[in-house]
Amino acid sequence: MRTKLVAGNWKLNGSLDSIRGLIGGIKAGMDSVSQAGVAVCPPAIFIPEVAALVEGSRIAIGSQNICEQDSGAYTGEISGSMLNEFGCSYAIVGHSERRSLYGESDDMVAARFAAARRNGLKPILCVGELLEEREGGITEQVVGRQLDAVINLEGIDAFADAVIAYEPVWAIGTGKTASPEQAQEVHRFIRGKMSALNATIAENLVIQYGGSVNGSNAKELFGMPDIDGGLIGGAALQAEGFLAICQAAD
Ligand code: PEP
């Protein structure tokens, strides 16, 4: 039995003042979310503040990225042990913005996935196709390739302690959500691919959907058999909207 997980990716947004208000608002509404897991992924510099703010609640913290190295001359990077020390339990890896804007390759994403696991963090591995790839009929090929990079490095057993987020790139931040059927088709492909390697791991694997999820479309998306919650961008920046999505996963 899988427990749905809703994670808010705040990206490069917020101030000390605004995050205090946001976490306060989410905490105040958490009584209405009894089953689903809830996590927030703030900009790294706010992680210690968020850790203090969520103390005593069941809101978990994730990082938006993680260095594939554990220490050394890697200016600007943050290691898994540092994230762990400041209260993170998840690490997003391979978000499409990291892949497209910062050139993170499949292999680099796989190495970052490995760094998360090595440091006791649950990776949230983002995969998804570009619009032209969908239109070219190669969605499964692209998603399969992104998954294979991690499976080849870490093995299927690594997914016993990981989350996958299917995020079609054309749906991220665009207001264009994949239809529940379109999303389900790819989620079923992902679970089927994992199942061919280890049926138990595949059955227990949380596969989130991400891409313009909001309070109005979440329930239908999360009602599909292989969609186990969501990775939420824009709609995670307001407590009320984020809570509505968490409730839809409950
Ligand atoms: C994301 O950044 O992972 C995301 C899904 O963004 P949005 O919800 O804004 O489309």
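What follows draws every value from the coordinates through simple rules; no lab data is involved. Predicted, not measured: the structure shown is a model, and the values here were computed from it. Every residue, glycine among them, receives a Cβ derived from its backbone with ideal geometry; neighbour counts consider all protein chains shown.
In the structure shown, the pairs Lys4/Lys176; Lys4/Lys122; Lys4/Lys219 are assessed against 20 Å; a Cα-Cα span above that value is assigned to Lys4/Lys176.
Candidate cross-link partners of Lys27 among the aspartates and glutamates, defined by an alpha-carbon separation under 18 Å and a same-chain spacing of 8 or more, comprise Asp17, Glu49, Glu55, Glu240, Asp250.
Listed from fewest to most Cβ neighbours within 10 Å, the set Thr3, Thr177, Thr200 follows the order Thr200, Thr3, Thr177. Legend: translational diffusion of region 90-170 by Stokes-Einstein, Rh = Kirkwood radius over C-alpha pairs, 25 °C, 0.890 mPa s; D = 195 µm²/s. In the chain the longest region clear of chymotrypsin sites (Phe, Trp or Tyr not before Pro) that are loop-assigned by DSSP and have at most 12 other C-beta atoms within 10 Å covers 103-250.
For the pair Arg188 and Met1, label points projected 7 Å from Cα toward Cβ lie 2.5 nm apart. Normalised Debye scattering of region 136-240 at q = 0.14, 0.20, 0.24 Å⁻¹ gives log10 I(q)/I(0) of -0.54, -1.03, -1.33, counting only Cα atoms as equal scatterers and leaving out solvent. Among Arg2, Arg99, a tally of other beta-carbon atoms within 10 Å of each Cβ gives an order, fewest to most, of Arg2, Arg99. Quick check on the chain: what does the Kirkwood estimate of hydrodynamic radius come out to from the alpha carbon pairs, in Å? Across the chain, the inverse of the average 1/r is 17.9 Å.
The relative contact order of the chain comes to 23 percent, based on Cα pairs under 8 Å that sit 6 or more residues apart. The H on the amide N of Lys122, modeled in the peptide plane, is under 5 Å from the matching H of Tyr90, Ala91, each at least 5 residues off or on a different chain.
A crude spin-label estimate for the pair Met30 and Leu153, with each label 7 Å from Cα along the Cβ direction, gives 3.2 nm.
Please tell me the relative contact order of region 162-250 in percent, rounded to the nearest whole number, where contacts are Cα pairs under 8 Å and at least six residues apart. Relative contact order, region 162-250: 33 percent.
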